[in-house]
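The values are calculated or read from the model by the stated rules, or taken from the named source; none is laboratory data. Quick caveat, the model's predicted, so the values are computed rather than measured. Using ideal geometry, Cβ is built from the backbone for each residue, glycine included, and neighbour counts are taken over all protein chains shown.
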Ligand SMILES: *Cc1c(COP(=O)(O)O)cnc(C)c1O
């Protein structure tokens, strides 16, 4: 060899290894139910991740062996049928194949005249159609919901700043801006406000009512009050599916109000935007198509492998005028590879990965209708678990279940809030450590609860029956231990 390359010396050998890898990946996925949801890593495994950068070569076969034993054996667990913590997706095998083949092509989707770049825009168009945003609206695939929200809020800020904020900067704004969301909104909005230089205090938390949605009278009062004080109401962030309880703000009413007040209407639809494709539940997100911008997350309810999020923007002009920037070395050409709109004009990344393929392939394989049915099915599972909780001794449903997020706790009676919190936290931790089920917890309106977010195409009703029984059994064991002390 006159030069060095990263290509293998022996492709036949690599082919054998790759075939074996695919076989083990299929075993891994098809047998997921037989493994613990999660387990703690032994210290010798942890220590493996502390070693220094390797200066010399290791045979690929040894590396694959290490990955199997140290990485694949200790997953987060969100592909397991009994994982219901926070708000994840469950992934899917076709999406995994897509990530592989996307990496094989290895294209950069910063832009250019090639198929992957066209597919990226096609997937944005499909997602736009799925939520009912009009033809001509714009959008971009990003890493996830947090960045999709940041993209939306940045365009809102630039549109309402009253000056050319890209040129002049925040200091030149004639009046301070205010953004509004409910006290249930996701923490990424605070981060976005901080990143945008507007500051956390420019984000007003409107109290949620008993149903955990934004109280519109309080929103209206806050907007009127700000106007009186010379603050410009710039953007309302409505949430379609809160993390805590899955509550959906009244999108149609907020759309009316924003229209009347000339305020940017942003929807954080990371959980619920795609309910728009679910025949039995799409009524819940009526009005979402009137948003100026929407953040949604194909790695949640479309179960794409992480990461892929999407920002949709009603006005293509507003979108491009916020991000478009074309240096000499990225000019659009009349012919050849550079004869296309650069996709970095729609966000803050220059180089972009081929995350479209995993969404595109699974949407084609199953069709939008099936994904809609799966969303309905998860919401039905949420109702089923709620009924089980209501019928189970010691268990209490803490809030009426709106969609697929069930908030409950074990309450044997006679314990105060702090004792209930410590009992339920211990139940949650033991279920995780025993590998039985992964739940998370939260505090809503001052009450601590366990939380099952069923965004999982592998969950069977039997899994829900099992977790209810295991919560009861674990509670009995803990209470017994405490009584024995
Ligand atoms: C998950 C989520 C986010 C953040 O999305 P990521 O994909 O995790 O970055 C934002 N808002 C809501 C309501 C979410 O559920």
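Exactly one residue among 353, 382, 372 is surrounded by 15 or more Cβ atoms within 10 Å (Cβ to Cβ), on the phi < 0 side of the Ramachandran plot and touching a strand residue (DSSP E or B) at 6+ places or on another chain (Cβ under 6 Å), and that residue is 382.
From the set of residues in the range 80-96 that are more than 9 Å from residue 456 (Cβ to Cβ) and more than 13 Å from the chain's Cα centre (by Cα), which is surrounded by the most Cβ atoms within 10 Å (Cβ to Cβ)? The qualifying residue surrounded by the most Cβ atoms within 10 Å (Cβ to Cβ) is 95. Surrounded by 14 or more Cβ atoms within 10 Å (Cβ to Cβ), out of contact with any helix residue (DSSP H, G or I) (no Cβ under 8 Å at 6 or more places or on another chain) and either modelled with pLDDT under 95 or over 15 Å from residue 467 (Cβ atoms) (or both): does that describe residue 403? No: the conditions fail for residue 403.
For the range 93-115, filtering for residues that are part of a helix (DSSP H, G or I) and under 16 Å from residue 339 (Cα atoms) leaves 1. The residues of the range 21-67 that are within 21 Å of residue 6 (Cα to Cα) and either at pLDDT below 95 or assigned to a helix (DSSP H, G or I) (or both), listed by number, are 21, 60, 61, 62, 63, 64, 65, 66, 67. Say whether the condition of being part of a loop (DSSP other than H, G, I, E, B) and modelled with pLDDT of 95 or more is met by at least one residue in the range 116-129. No, there is no match, as no residue in the range 116-129 is part of a loop (DSSP other than H, G, I, E, B) and modelled with pLDDT of 95 or more. With respect to the conditions (1) without any contact (Cβ under 8 Å) to a residue 12 or more places away in the chain; (2) in contact with a helix residue (DSSP H, G or I) (Cβ under 7 Å, 6 or more places away or on another chain); (3) closer than 15 Å to residue 267 by Cα, residue 187 lacks only one, and its number is (2).
Does residue 297 satisfy being touching a helix residue (DSSP H, G or I) at 6+ places or on another chain (Cβ under 8 Å) and within 18 Å of residue 372 (Cβ to Cβ)? It is true that residue 297 is touching a helix residue (DSSP H, G or I) at 6+ places or on another chain (Cβ under 8 Å) and within 18 Å of residue 372 (Cβ to Cβ). With a requirement of 2 or more residues that are touching a residue at least 40 places away in the same chain (Cβ under 8 Å) and within 15 Å of the ligand (Cβ to nearest atom), the helices (runs of 4 or more DSSP H) lying completely within the range 227-326 that satisfy it span 298-301.
A residue that is crowded, with 17+ Cβ neighbours inside 10 Å and either out of contact with any helix residue (DSSP H, G or I) (no Cβ under 8 Å at 6 or more places or on another chain) or at pLDDT below 95 (or both) occurs nowhere in the range 326-338. Output the residues belonging to the range 173-190 that are more than 10 Å from the ligand (Cβ to nearest atom) and either out of contact with any strand residue (DSSP E or B) (no Cβ under 7 Å at 6 or more places or on another chain) or more than 24 Å from residue 211 (Cβ to Cβ) (or both). Those that are more than 10 Å from the ligand (Cβ to nearest atom) and either out of contact with any strand residue (DSSP E or B) (no Cβ under 7 Å at 6 or more places or on another chain) or more than 24 Å from residue 211 (Cβ to Cβ) (or both): 173, 174, 175, 176, 177, 178. Within the range 129-145, restricting attention to residues that are crowded, with 19+ Cβ neighbours inside 10 Å and within 16 Å of the ligand (Cβ to nearest atom), the residue that is farthest from residue 346 (Cα to Cα) is 131. The set of residues from the range 197-216 being touching a helix residue (DSSP H, G or I) at 6+ places or on another chain (Cβ under 8 Å), away from the ligand (no atom under 16 Å from the Cβ) and on the phi < 0 side of the Ramachandran plot comprises 198, 200, 202, 204, 207, 216. Of the residues 23, 99, the single one that is out of contact with any strand residue (DSSP E or B) (no Cβ under 9 Å at 6 or more places or on another chain) and either loosely packed, with under 13 Cβ neighbours inside 10 Å or free of Cβ contacts under 8 Å to residues at least 12 places away in the same chain (or both) is 23. With respect to (1) out of contact with any helix residue (DSSP H, G or I) (no Cβ under 7 Å at 6 or more places or on another chain); (2) free of Cβ contacts under 8 Å to residues at least 24 places away in the same chain; (3) over 24 Å from residue 275 (Cβ atoms), the lone exception for residue 366 is condition (3). Residue 148 fulfils the conditions (1) more than 20 Å from the chain's Cα centre (by Cα); (2) within 16 Å of the ligand (Cβ to nearest atom) except for a single criterion, (1).
Residues in the range 422-445 that are more than 15 Å from residue 397 (Cα to Cα) and either assigned to a helix (DSSP H, G or I) or free of Cβ contacts under 8 Å to residues at least 24 places away in the same chain (or both): 422, 423, 425, 426, 427, 428, 429, 430, 431, 432, 433.
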